[in-house]
Amino acid sequence: KMTQQMRDLHLAQARKPPGPSSPNAAKRLYRNLSGKFRVNYTSFDEGGLAGRSEKEKLRKSYLIQSNAALFEAVELQDLDRVQELLKQYSPEELDLNTPNSEGLLPLDIAIMTNNTPIAKALLQAGAKESPHFVSLESRSLHLSTLVREAEQRVNELTAQVVNETPNADCSEKEKQLKAWEWRYRLYKRMKAGFEHARVPDAPNNVHLSVGSSSSVHVTFWEPLSVNSAVVTKYKVEWSCSPTFSPPLGEAVIDKLKNLHFTIQGLVSGTPYYVQVSAYNMKGWGPPQSSVPPFAIPSNWREYDGRAPRRRGQAEALDQLLSQVKTVHQHCVCHEPCKNQPQSRKHSVSKSLKHLFHPGSKFLKTLKRGLYLTAVFYKDDNILVTHEDQIPVVEIDDTYSCLLMQDFLWFTKVSCMWDEVLWLRQCVTVSQSSCSCILQTRFKMLLAISQMQGLLGIQDLGQVFFEPIKDKQGNILIVTLKEVKTNQTFESVRWVPICKLQTSRKSVSSPEEPTALDTLLITVQDKLAYHRRSSHALSPGLYLGYLKLCSAVDQIRVLVPERLPNILCHVKIRSNPNISREEWEWLQKKVSMDEPVPTEPEAGTSQNHLFQELQVAIKELMTLLNIPLKEAKDFRLYSQEVLDFGGQVSFLLLLPPSDDVCTAPGQNNPYTPRSGFLTLPLQIFELGKKT
C-alpha cells in the first residue's frame, strides 16, 4: 500500500515514543487516531533526559507542538496563524524543513493547494520543498499513494460505522471517519492542484545594470502568470554569447525575499548577456532575456583613468600625526607624555560613580562665562549628578563672546578625545606667546580633561552644531553621547528625561531663560538630532542638492532634518555604480548647449539612467519647493561622482552659479519646505556618514 520510502518512514516513526499532541486537538484528531505524527521526533535517552532542566524539557515539548501547529495552520489555510508562528520561532525551532510522516513539508502543502500568500510567507522564512520529490513522476506517485490510502481508510471506517450498533465505540469511529474524510479531501485537492498546474511564465521586468568593473547586477519581478503554481526558485544564467552557447555560469536563487543577483568575477570591458527563468513544482519555465540584453562591467573612473579621491588619505594623515608627535616627544615640557598611557588607562577604568565624588567640580549654576556640558543618554533616560544636574564644567569665566573659530576648533578636537592630554601639553609650550586664542583653547582642553576625569570616560561624544547662549552672557558648548550598554554603575542613577524636565526648578523667567534651562527645554530635540546624525543611507545612487549660505564668520550648508549628516537628496536607484558608458553620455550632455538633452536610444543603460534622472530631478525640485520651470538653469556637477564607501554614491545638482551660495543680506528666492536646517560647513564635514 505504501512505497518503500513511506514504509521506512512509517517504521522509523513506530520506533519512536509518541510526542505531545497538537495544541488544537479537536481539529487534529485524525492524526492521533491514525497513529501517525507530523514530525520524526528525536528519541531521547532516559538518563540524559532526566539530567535536563525542567525548563528545557518544557520548551522542547512546546517546540514540537509548534511544529504540529504550523502544519495545522497551513492545512487549514490560516495565514495569520502561520505568520504568527514564523515570527515567534526560528526555522530551526519549527523544524521548517523536516518532512513529516507523510513525507511532506509545510511548503509542499501550501503550493499544491495553490495558497500563494502562505507559500510566499514560508518561502521568505527559508522553507524548502520536500527532498522526496526528485521528479514529476515521484511527486505524482506520492500524491496518488496518499489519496489511495486515505480513500481506503475512509471506506473501512464507513463500513464499521454502518455495521456497528450505536455505542461509545461507534461515536469514536464516527470522529475518526470525519477526520479521515477531511484528510481525503485535502489530498485530493493537492493532487488536483498538481495535475492542473503548468510551468510558470518567464519572469517579468528583468533589468541588467553594471555593478562594478568586475560585476553586473540583475533584478527581476515574479512572472505575471504562475499558471496555478507558486514559483519557488529562479535561475540566473550568463554568457558572452547572445545565444548562450556556450553558457558561462548559472545561479539558482531560492531565497525570494529580494529578487536580485550580482554576478561577480567578470572581465572588465567584456559584454555579458543574462537571462532569468522561474521554477515551480512542474519544472522550469522559459527564460527571459534582460533589458538591456547585455552589460559591460566598468566604472565611471575608467572614462579618464581617474584614481579614487581619498585613496591613501587616511594613512597619510596618520603618518603626519605620528611625525608631529615625534617632533614634540623630546621637549622638556612633554616629559609627562611618557606616563600618558598609564594615566589614560587609569582614567578609562574609572567608574561613573566618580560623578558623585566629594571632590567633584561639576557646577550647580552658571555665572557669566563659557562652559562645557556632556549629555549622556540611554533610551529615554539621561545621566545627572547627585543634585539632578546635567554635568557642567567651566571653560573660562571671563569669556563672554564665543568666536566661531574657537567653537569650530573645539569640534575638531572632538575627533581625537583620546589625544587631549597630548594636545594640552603641546599648547602649553606655545603659551609664552600670550596669544588670547591659545589661552582660550588651552582652557578648552583643560575643561575637556576635567570632564573626562570626573566622568571616568574619554569619549565625550559628538558636539552639537551650535552652542547655547543666554542674555546673562553664558555660553554652553554641548556634547551628546548615547550609552548603548546595559552596564549598571554604583551611586549613579539614570533619570527619565521627562521627570528631570518637570522636577527641576527654573531659576530664570520664561522670557529670558538661562542656558541651562534652555538645554533642558530643548534636550529632546538635541537627542533626536544626535540619533538622526548617526543614521546611514541605504546602498544606492542618489541625487544631492548643494546649497550654501554665507555669514560674516562662516558658511552654512542646507541639510534635511531627518538626515543632517548628508546633503538634501533623493534616491535615483539601488545600484550605486555608474558605468563608463553612462558617465560618457553624461559628459557629452553636460558639454552640449542644448537646453533639453535628447533622449538616448531606447533599451540602453544610458536611456534607463536618463529616465531615472528625470524622475529624481522632479522629486528633488518638489521637495525643495523650487518651480520645475527653473530646472533648466540648474546643472549637474560633472567633475566626479561622489563615492562614500563603495555602497553609496552621489550626483550633485547645482543651482545657477549666482545662487549656489547666498550672500549675507541676500534673499533666497525659493524657501524650502519645513524639515530642513543649515549647518556650519565644518560641522557638516565632520559629521558626514553614509
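The values are calculated or read from the model by the stated rules, or taken from the named source; none is laboratory data. Keep in mind it's a predicted model, so treat the numbers as computed, not measured. Cβ coordinates were reconstructed from backbone atoms using ideal geometry, including for glycine residues, and neighbour counts include every protein chain displayed. What goes into the accessible areas is simple: the full protein's heavy atoms, side chains included, and nothing from ligands, DNA or RNA. Shrake-Rupley method; radii C 1.70, N 1.55, O 1.52, S 1.80 Å.
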Taking the options Leu208, Leu248, name whichever one is open to solvent by 40 Å² or more (accessible area, probe 1.4 Å) and either modelled with pLDDT under 95 or farther than 19 Å from Lys282 by Cβ (or both).
Leu248
Cβ pairs under 7 Å, 6+ apart or interchain, first in the range 114-130 and without any contact (Cβ under 8 Å) to a residue 40 or more places away in the chain, second in a helix (DSSP H, G or I), ordered by first then second residue, are Pro117/Leu79; Ala125/Leu86; Ala125/Pro91; Ala127/Pro106; Ala127/Leu107; Ser130/Asp108
Could you list, in sequence order, all residues of the range 83-121 that are in a helix (DSSP H, G or I), open to solvent by less than 20 Å² (accessible area, probe 1.4 Å) and closer than 20 Å to Tyr187 by Cα?
Pro106, Leu107, Asp108, Ile109, Ala110, Ile111, Met112, Ile118, Ala119
Tell me the strands (runs of 3 or more DSSP E) entirely within the range 523-594 that contain at least 1 residues that are more than 19 Å from Ser657 (Cα to Cα) and open to solvent by 20 Å² or more (accessible area, probe 1.4 Å).
568-573
